[in-house]
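Here's the structure we're looking at; comments come further down.
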Amino acid sequence: MSDDDRAAAMAKIRREPSPYRRATVVSIDALTPFMTRIALGGDELEGFEIEAPASSVRLLLPDAESNELVMVTWTGNQFELPDGSRPPIRTFTPRHFDAQRNELTLDIVLHDHGAATDWARRATPGDEVAISGPGRSEELNPDARSHLLVGDESALPAIAQLLEWIPTDRTIEAHIETRGPDARIELPEHPGAKIVWHDAADGAEPGDAMVGALVDTADLADDIWVAGEAAAVQRLRKHLFDDRGRDRSNVTARGYWKKGRSAT
Ligand SMILES: Cc1cc2nc3c(=O)[nH]c(=O)nc-3n(C[C@H](O)[C@H](O)[C@H](O)COP(=O)(O)OP(=O)(O)OC[C@H]3O[C@@H](n4cnc5c(N)ncnc54)[C@H](O)[C@@H]3O)c2cc1C
């Protein structure tokens with residue numbers, strides 16, 4: 001099979017994501033100096049549903065200079081702008097959906113620079129964006145009695161959601177890496193949860209603290225969920241599967257961003 005045939009076959013089997021719904025910024029709240037909560041509203045959000053925790057939505061951002069939202073077309077393989085270029089689309093956790101008000105909340109990390117983080121810094125009520133999703137998420141393992149959650153700041157919204165969804169008769173141990181105490185957020189109460197915060201050391205690779213925390217965890221839980229910087233997540237996968245002989249069926253490990261690489 002030629003490369004062109006392979007590309008055509010891949011394009012055919014790529015499932016079309018759910019269509020984009022237009023939405024406008026309703027409110028902006030600083031959760032910490034490093035994380036902004038943005039509520040999006042609008043009639044097109046009607047029927048949006050979060051069916052499981054730690055799922056994802058694709059956020060289509062407006063043009064960085066004009067702030068105009070240009071809608072995209074699905075080509076069978078990817079979304080494109082009318083001029084054929086790649087649109088500024090980033091992935092976020094649908095943190096909360098208020099069906100009465102048709103309002104979707106996203107919690108966005110403010111890091112150095114990027115299309116989404118820059119947009120979150122300058123967003124004002126009335127700004128237009130569009131949302132596709134939510135995408136499929138892993139169902140919670142019905143047989144697990146204990147959960148280990150490991151993540152960095154980008155995983156905080158998903159960890160907060162998992163704390164709300166995991167049944168209260170189970171135990172949870174969460175290890176969360178942030179740039180410092182100022183980046184911690186208040187997490188939902190769970191009677192069986194132990195939350196351990198880890199500050200990233202100066203000059204360390206992203207994820208070093210969360211990798212160290214998991215490596216130091218002697219008794220691993222029935223179910224393990226890990227998300228954060230991709231290389232760190234890869235190190236954790238390797239540790240869990242190669243060093244600890246962990247069964248892949250009860251580990252979810254997802255790279256949420258890549259050091260030095262934009263998401264497009
Ligand atoms: C399923 C899923 C759910 C996610 N949920 C959330 C969420 O709820 N909240 C959230 O904030 N993020 C979340 N993310 C991560 C988010 O999609 C990425 O961080 C994304 O790259 C941000 O886009 P950007 O335009 O700001 O930066 P980009 O243009 O993608 O990247 C620009 C530069 O910034 C760096 N960078 C990107 N993200 C970070 C970061 N978090 N910290 C430090 N440096 C970074 C990149 O390495 C690159 O050098 C999720 C990702 C996935 C896959």
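The values are calculated or read from the model by the stated rules, or taken from the named source; none is laboratory data. Because the structure is a prediction, the values reported are computed rather than measured. Glycine also receives a Cβ, built like all others from the backbone with ideal geometry; neighbour counts cover every protein chain displayed.
General observations
- The single residue among Pro87, Pro62 that is within 16 Å of the ligand (Cβ to nearest atom), modelled with pLDDT under 95 and surrounded by 14 or more Cβ atoms within 10 Å (Cβ to Cβ) turns out to be Pro87.
- Picking from residues in segment 212-250 that are over 15 Å from the mean Cα position of the chain (by Cα), within 16 Å of the ligand (Cβ to nearest atom) and over 14 Å from Glu153 (Cβ atoms), the one that is surrounded by the fewest Cβ atoms within 10 Å (Cβ to Cβ) is Gln234.
- Complete set of residues in segment 133-171 that are under 19 Å from His96 (Cβ atoms) and in contact with a Lys or Arg (Cβ under 8 Å, 6 or more places away or on another chain): Gly133, Gly135, Glu153, Pro157, Ala160, Gln161
- Output for segment 16-61, where each listed residue is touching a helix residue (DSSP H, G or I) at 6+ places or on another chain (Cβ under 8 Å) and either outside the structural domain of Asn102 (by TED's automatic domain parsing) or not hydrophobic (A, V, I, L, M, F, W, C) (or both): Arg21, Arg22, Thr32, Pro33, Thr36, Pro53
- Residues being under 21 Å from the mean Cα position of the chain (by Cα) and aromatic (Phe, Trp, Tyr) are represented in segment 189-211 by at least one member.
- Taken over segment 154-178, residues that are assigned to a helix (DSSP H, G or I) and either in contact (Cβ under 8 Å) with a residue 60 or more places away in the chain or under 16 Å from Leu214 (Cβ atoms) (or both) amount to 11.
- Cβ pairs under 8 Å, 6+ apart, first in segment 112-133 and closer than 23 Å to Arg261 by Cα and within 8 Å of the ligand (Cβ to nearest atom), second modelled with pLDDT of 95 or more and among the basic types (Lys, Arg): Gly114/Arg90; Ala115/Arg90; Ala116/Arg90
For every residue, the table says whether it meets (1) among the hydrophobic types (A, V, I, L, M, F, W, C); (2) outside the structural domain of Pro62 (by TED's automatic domain parsing); (3) touching a Ser or Thr at 6+ places or on another chain (Cβ under 6 Å).
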site: Ala115; (1), (2), (3): yes, no, no
site: Ala123; (1), (2), (3): yes, no, no
site: Glu139; (1), (2), (3): no, yes, no
site: Leu162; (1), (2), (3): yes, yes, no
site: Trp165; (1), (2), (3): yes, yes, no
site: Thr168; (1), (2), (3): no, yes, no
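- Residues of segment 27-59 that turn out to be more than 24 Å from Leu149 (Cα to Cα) and buried (at least 19 other Cβ atoms within 10 Å of the Cβ), as a count: 7
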